[in-house]
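See below for the structure under consideration.
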Amino acid sequence: MLILVVNCGSSSAKYDLFDVEKEASLCRGSVERIGEEGSSLTHESGENGKIHRDLSCPDHHRAIEIIRDMITDPEKGVLKDVSEVTGVGHRVVHGGEKFNTSTLINAEVIDTIERFVELAPLHNPPSLEGIRGCMKIFSGVPQVAVFDTAFHQSMPDHAFTYGIPYELYEKYRIRKYGFHGTSHRYVARKAAEELGRDPGEVNLITVHLGNGCSIAAVQKGKSVDTSMGFTPLEGLLMGTRSGDLDPALVTFLMQREDLSAEEVNDLMNKKSGLLGLSGISNDMRDILGAIDEGNARAELAYDVFVYRIKKYIGSYAAVLGRVDAVVLTAGIGENVPRIKEQLERELNPMFGGSTRFMSIGTNEELLIAKDTYKIVNSE
Ligand code: ADP
């Protein structure tokens, strides 16, 4: 059974076509710079290698048409006919308090995702455009939404509640939501497999270190706390995001640097983190390169990055009581073994040597495909 996974961002549409029974990706790619000058398509399949095409793509609807045409291309495509696609799985960032699991899309689900645009103004609109495009272009094919927030909906209220007037929660649903849920869920399951244990009996701390970074306390298969919050800004230091800081800095910067609310938001989301501290790059490879050349600010950025992870692991160990494994994943978590080694060395005395430190490759697309397959099959 073939499932197409679609992940629409503000100016991109990524796709991945899976044969779910074989857990194999047949082809994948992305349309980039949607709605801008110089749009392009990159497509990769086992049979035909990688291709790159410059084209015009004014919106996400057109991007979905381009994807359909590519996967059914008589020469470079992998399908004879679009009807071979039996389900489409969409990555949706924000499912609010409504969705705690992946969900078959109907008009009511679309309305609800639309309501959460207020909570994720940058992320939910392109997802909606992708969903609407696919409903027209893959007409009659069931569509499933897989939410970044869903896995963390199991957090207890004392973990997700902020210490501000409760009326603001009631009015705007201001609370911790957490993100990267699909990745945390995927690696938690894989880690349990690797430990040879049932996911429902292990306690894990999962650490997603990509451009965005977040950490989750996973108790018996359920997320009970996570570092990202109302937005993805909270928590760990990231490529360009500050992570935790004193919220009084917002008004201080507005007053002293004469910044607007939007400018402070921009500073904390796009100019901080590894980039802001090092002054070099948001990319860990560049930071490691600069450290090798003796750059002190790159070293400070790296030290802040790792120290913050260590502190969170300590606090989640307190939340969980017993920790069977700490699991690192995503670009940095999978490729920079020295972080895992340092954490293991420094935290082992606290854990008494009973906690495994492991690195596991994440695959959010595969989990989206599997969820979609399950839901489509049960209809
Ligand atoms: P995204 O969140 O965009 O999916 P990724 O999971 O691809 O991001 O992670 C991107 C981060 O991973 C970047 O900081 C990049 O430098 C880092 N990274 C990827 N490969 C390596 C590597 N071989 N060595 C060090 N860092 C790497």
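Once both labels are positioned 7 Å from their Cα atoms along Cα-to-Cβ, the gap between residue 11 and residue 296 label points is 3.7 nm.
The loop-placed GluC sites (Glu not before Pro) in segment 81-166, going by DSSP, that have at most 13 neighbouring Cβ atoms within 10 Å of their Cβ come out as 97. Between residue 110 and residue 252, how high is the FRET efficiency from 1/(1 + (r/R0)^6) when r is the Cβ-Cβ distance and R₀ = 56 Å? Nearest 0.05. Approximately 0.85, to the nearest 0.05. Pairs of Cα atoms in segment 169-239 fall into 5 Å distance bins, from 0 up to the last occupied one, in shares of 4, 18, 26, 20, 15, 11, 5, 2, 0, 0 percent. A straight line joining the Cα centroids of segment 337-379 and segment 67-82 runs 34 Å. Subtracting the Cα-Cα distance of residue 48 and residue 262 from 0.36 nm times their residue separation leaves 72.6 nm of extension gain.
Ratio of alpha-carbon Rg to the 2.2 N^0.38 Å globular estimate for the chain, to two decimals, please. Spell out each step's value before the answer.
Details: Rg = 21.2 Å, N = 379, 2.2 N^0.38 = 21.0 Å.
In units of the 2.2 N^0.38 Å rule of thumb, it is 1.01.
Let me know the shape class of segment 1-79, please: from the alpha-carbon gyration tensor, a ≥ b ≥ c as square roots of the eigenvalues, rounded when a/c is under 1.5, otherwise prolate if a/b is greater than b/c, or oblate. Intermediate results must be reported in sequence, preceding the final value.
Numbers: a/c = 2.22, a/b = 1.60, b/c = 1.39.
In terms of gyration-tensor shape, prolate.
Give the residue list of GluC sites (Glu not before Pro) in segment 274-347 that are DSSP loop and have at most 12 other beta-carbon atoms within 10 angstrom. Could you put the intermediate results ahead of the total?
Working: sites: 293, 299, 334, 341, 344, 346; in loops: 293.
Passing both the DSSP loop test and the Cβ count: 293.
Each principal axis of the Cα cloud of segment 17-162 was evaluated for its coordinate range; sorted largest first, these ranges are 55, 39, 27 Å. Ordered by the count of other Cβ atoms within 10 Å of each Cβ, fewest first, 94, 208 give 94, 208.
List 27, 213, 134 from most exposed to least, where exposure is judged by having the fewest other Cβ atoms within 10 Å. Don't jump to the answer; show the numbers that get you there.
Numbers: 27 21, 213 29, 134 25.
Taking fewest neighbouring Cβ atoms as first place, the list is 27, 134, 213.
Kindly flag which residue pairs out of 14/50; 190/310; 171/310; 310/374; 220/311 have an alpha-carbon separation exceeding 26 Å in this structure. Flagged as over cut-off: 171/310; 310/374.
Values in this text are rule-based calculations from the coordinates and carry no lab data. Given the structure is predicted, the values throughout are model-derived calculations rather than measurements. Cβ: placed from backbone, ideal geometry, glycine included. Neighbour counts: every protein chain shown.
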